[in-house]
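Note sheet for the following structure.
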Amino acid sequence: GAGVSQSPRYKVAKRGQDVALRCDPISGHVSLFWYQQALGQGPEFLTYFQNEAQLDKSGLPSDRFFAERPEGSVSTLKIQRTQQEDSAVYLCASSLASVSGTDTQYFGPGTRLTVL
Amino acid sequence: GENVEQHPSTLSVQEGDSAVIKCTYSDSASNYFPWYKQELGKRPQLIIDIRSNVGEKKDQRIAVTLNKTAKHFSLHITETQPEDSAVYFCAAGYSTLTFGKGTMLLVSP
């Protein structure tokens, strides 16, 4: 079946612009995660949804970052007033897990954001 | 929160040799330990995982061991092949995952 998809794959923004990154999880997956991956680093957790509920947003670096999943499927990560330090690959992952505890996370291809 | 340390940061081996990557974690509540392989410009792909009720798991040339007392886990790749060259990440967690900084494995023919 179809895996996790993300769009756009590449985004170039001028400093100060707002951007919106989309994630389509695997159909039926309850949990959805957003990560930020800087060059040469491991993915860093940003936020986590179980269905439409945002259960953990402790990794969001500032109040310029906002994520939503209004119908428990597609999710959008929005970054307002982008800064150069926001340049990174933003990865989305989904898993089947519906209870506490982890299940296999399947990653999307990522969106590479470059802020000029 | 959880803190995951991964070593080495780079590892070069000859084709056919074994490769071992080690990780430590800090949160005793973590119960899930996956390993991901990421090729340049690609998404992380799960290669093997282990849960805290198991000490060792093997899948063909890949094995993972877990020592909960010492809070460390390791990835073992035997009979390495050039196509094993990639960055490998360990992770640990309960409801969310914390990743290590990665190990770049280079397998020379």
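The values are calculated or read from the model by the stated rules, or taken from the named source; none is laboratory data. Owing to the predicted nature of the structure, the values given are computational and were not obtained by experimental measurement. For neighbour counting, all protein chains shown are included, and Cβ atoms are generated from backbone atoms with ideal geometry for every residue, glycine included. Heads up: the accessible areas ignore ligands, DNA and RNA and are worked out on the full protein's heavy atoms, side chains in. Shrake-Rupley method; radii C 1.70, N 1.55, O 1.52, S 1.80 Å.
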Next item on the list: Can you tell me which residue among A:Val30, A:Val4 is touching a residue at least 24 places away in the same chain (Cβ under 8 Å), at negative phi, touching a Gly at 6+ places or on another chain (Cβ under 9 Å) and surrounded by fewer than 18 Cβ atoms within 10 Å (Cβ to Cβ)?
Entry: A:Val30
Item checked: Qualifying positions in region A:74-99 - of a type in the set (A, V, I, L, M) and part of a loop (DSSP other than H, G, I, E, B) -> A:Val74, A:Leu96, A:Ala97, A:Val99
Notebook entry, point to check: Can we say A:Glu71 is open to solvent by 80 Å² or more (accessible area, probe 1.4 Å), assigned to a loop (DSSP other than H, G, I, E, B) and either touching a residue at least 60 places away in the same chain (Cβ under 8 Å) or over 21 Å from B:Ile48 (Cα atoms) (or both)?
Noted result: yes
Item checked: Members of region A:75-116 that are in contact with a Leu (Cβ under 9 Å, 6 or more places away or on another chain), surrounded by fewer than 16 Cβ atoms within 10 Å (Cβ to Cβ) and away from every other protein chain (no Cβ under 14 Å) -> A:Thr76, A:Lys78, A:Gln84
Next item on the list: Please indicate, with yes or no, whether at least one residue in region B:57-68 is touching a strand residue (DSSP E or B) at 6+ places or on another chain (Cβ under 8 Å), within 14 Å of another protein chain (Cβ to nearest Cβ) and touching a residue at least 40 places away in the same chain (Cβ under 8 Å).
Entry: no
Next item on the list: Please report, ordered by residue number, the strands (runs of 3 or more DSSP E) entirely within region B:31-95 with at least 3 residues that are surrounded by 13 or more Cβ atoms within 10 Å (Cβ to Cβ).
Entry: B:32-38, B:45-51, B:62-67, B:72-77, B:86-93
Margin query: Being of a type in the set (A, V, I, L, M, F, W, C), within 10 Å of chain B (Cβ to nearest Cβ) and open to solvent by 20 Å² or more (accessible area, probe 1.4 Å): is that true of A:Leu39 here?
Written below: no
Next item on the list: Residue by residue through region B:96-109, note down the ones that are in a strand (DSSP E or B) and within 14 Å of chain A (Cβ to nearest Cβ).
Entry: B:Leu97, B:Thr98, B:Phe99, B:Thr103, B:Met104
Note to self: Out of A:Gly28, A:Gly16, I need the residue that is closer than 18 Å to A:Thr114 by Cα and either more than 9 Å from chain B (Cβ to nearest Cβ) or over 10 Å from the mean Cα position of the chain (by Cα) (or both). Which one?
What the structure shows: A:Gly16
Next item on the list: Give me a count of the residues in region A:17-34 that are part of a strand (DSSP E or B) and either out of contact with any Pro (no Cβ under 7 Å at 6 or more places or on another chain) or among the charged types (D, E, K, R) (or both).
Entry: 9
Next item on the list: Sort out which residues of region A:42-52 are closer than 23 Å to A:Gln80 by Cβ, open to solvent by 40 Å² or more (accessible area, probe 1.4 Å) and either within 11 Å of another protein chain (Cβ to nearest Cβ) or not charged (D, E, K, R) (or both), and write them in order of number.
Entry: A:Glu44
Check: Of all residues in region B:76-90, which are away from every other protein chain (no Cβ under 14 Å) and within 14 Å of the chain's Cα centre (by Cα)?
Finding: B:His76, B:Ile77, B:Thr78, B:Asp84, B:Ser85
